[in-house]
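See below for the structure under consideration.
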Amino acid sequence: MSHTATGQTPGQPTDADRRRGFFGRIWLFFRQVVGELKKVVTPTRRELVNYVLVVLVFVAFMMVLISLLDLGFGQVAIWLFGNGTQAQ
């Protein structure tokens, strides 16, 4: 099992956390969340448009690819098993 530089096992509460209490740990969590949200960089309009276009092109490509595969597998299934009509 790996240990941190302080000799504590990751995921184990430290002595400071035990003394902090339940609501103190919740408050610390929210302070850390706000600190991380302050690091978020909002993309420029040009970057955002570029990202949206890349996603739309990728989704359209995947739709075409999956549709062609579905059509191909369907044709193979019809060839192998027939079209469902039986000779009388």
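Annotations
- Considering (1) open to solvent by 70 Å² or more (accessible area, probe 1.4 Å); (2) of a type in the set (Val, Ile, Thr); (3) modelled with pLDDT under 80, the lone condition that Thr4 does not fulfil carries the number (1).
- Residue in region 42-57 that is open to solvent by 100 Å² or more (accessible area, probe 1.4 Å), among the acidic types (Asp, Glu) and in a helix (DSSP H, G or I) present: no
- Residue, modelled with the lowest pLDDT, within region 12-41, restricted to residues that are open to solvent by less than 80 Å² (accessible area, probe 1.4 Å) and outside any helix (DSSP H, G or I): Pro13
The values are calculated or read from the model by the stated rules, or taken from the named source; none is laboratory data. Only a predicted model underlies this, so the values are computations on that prediction, with no experimental measurement involved. Side chains included, ligands, DNA and RNA excluded: accessible areas come from the protein's heavy atoms. Shrake-Rupley method; radii C 1.70, N 1.55, O 1.52, S 1.80 Å.
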